[in-house]
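Values in this text are rule-based calculations from the coordinates and carry no lab data. Quick caveat, the model's predicted, so the values are computed rather than measured. With ideal geometry, Cβ positions are generated from the backbone for all residues, glycine too; neighbour counts draw on all protein chains shown.
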Ligand SMILES: [Zn+2]
């Protein structure tokens, strides 16, 4: 009997505990010439079964070709929450395939909603961002040409660019269709039919071998789960050193999409703030009251994120597969259930020469790759542009309110572009690096929050300083507004390029 990768406490798919009772296991036939088992004599039925399972799983073959299933990633986004909520069998969403674009490896203990938001972000957000930008530009042109009506400024103001951009983004995020075929165990392995489920688990090596890349939805316990480590080892074994593995931290999706939503709401409120009636200073004070605590919380979270990478680094440096946990052991092998550990360790041993060799591989190569990716590739330039895009759309609306001539529209358009393409990414990149340097927790909570606040104050000062350079020096130096705008845009893009290309990568 071999138990699967599904922990009973976390199995919300409507199925029962994912353990294979002995009668469920489709015992693979010995390959011709493989008689090593018979050399051990006498041998128990249990050991013989484990030996046969090891021999089969380690070949990374499929029990039968039509066991290989994958699901279009858009169906995961569109339908999995509904199926999960209603307890419907998800395997009907997947179909038989010859290859898998990406294998999604995840820890069942991690929160389901976080994993869903991460899948939404990783697969759908960038195309949705492209659609949003397209619609915002169309709205900008139509609004500038007075084809779209302007509202009375004393009531709710028109926000055509913001409305089109943000509306198109969320619609495309949820409704667009991508054909990438991914492997998600919930949908690609039968959860109700125990024999089919057993066949799927036995073919796990075959699934991994036929996957072009692997997405690891990393959570705090990922490297402590035996089946997660097994999936990782099988993928590295079958694809070699150049195995394409993407790491995704648990809060990446919620943070970026939350940031996008906050920018959307904040931009709408700012557009409708009656600056002329309430006064600029009151507006700035209110803006600061909302933004400074929000930014402080964000910086505080980034510092905590780097500390979690420290913890992962430490865990992986001391990685020992004997400390990995599996559901069978946690359930204390009820009703005579035997342990997965023997079969999985034997497979790993076959692939890497010995368990110790695999542990060394995790402690060095896998650790370096995972930690490096989590520290350096989480915050990417396109992701910052995506999160800050509502601010750009709102500024596009603002420009049209205050400028009616095409020349001035063009001149003023360079300003939001400069901030969006250059200033925001530059400041955020810098804050990210400073947060890494100052990630250590201070002795008291107050001091710790004060440190995060200091980083925010520095970032705001830097932002205002750049604003001052633009407003005072650059405009005075270059009286021609178009030249000044173009010069500012060039400087901002250069700053962003320097910070993103020349700033040293974070090392562990
Ligand atoms: Zn066990």
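For the reader, a short list of remarks on this structure follows.
- Percent of beta bridges antiparallel (DSSP, the chain, rounded to nearest 5): 30
- Cα-Cα P(r), the chain, percent of pairs per 10 Å interval: 4, 16, 24, 21, 15, 11, 6, 2, 1, 0
- Degrees between helix 340-352 axis and first principal axis of the chain (Cα, 0 to 90, nearest 10): 80
- Computed on the Cα atoms alone, the convex hull of segment 303-347 gives a volume of 88 cubic angstrom per residue.
- Taking label points 7 Å from Cα along the Cα-to-Cβ direction, residue 180 and residue 354 give a separation of 3.9 nm.
- The label-point distance for residue 469 and residue 112, in a model that sets each label 7 Å from Cα toward Cβ, rounds to 5.0 nm.
- Helix 45-58 and the longest principal axis of the Cα set of the chain meet at an angle near 40°.
- Taking packing as the residue-averaged number of other Cβ atoms within 10 angstrom, the listed peptides 159-166, 358-365 run from highest to lowest as 159-166, 358-365.
- The angle between the Cα long axis of helix 381-402 and the main principal axis of the chain comes to about 30°, on a 0 to 90 degree scale.
- Sum of -39500 (n - 2.57) over DSSP H runs of 4+, divided by residues of the chain (222 nm, nearest 500): -19000 deg cm²/dmol
- Cα Rg over Rh - segment 42-180, Kirkwood: 1.24
- Stokes-Einstein D in µm²/s, Kirkwood radius over Cα pairs - segment 135-235 at 20 °C with 1.002 mPa s viscosity: 117
- log₁₀ of I(q)/I(0) at q = 0.12, 0.15, 0.17, 0.26 Å⁻¹ - segment 93-171, Debye sum with one point per alpha carbon: -0.57, -0.72, -0.80, -1.17
- Take 328-335, 212-219 and order them by the average number of nearby Cβ atoms within 10 Å per residue, most first; the result is 212-219, 328-335.
- Distance from the alpha carbon centroid of segment 214-265 to that of segment 327-371 works out to 19 angstrom.
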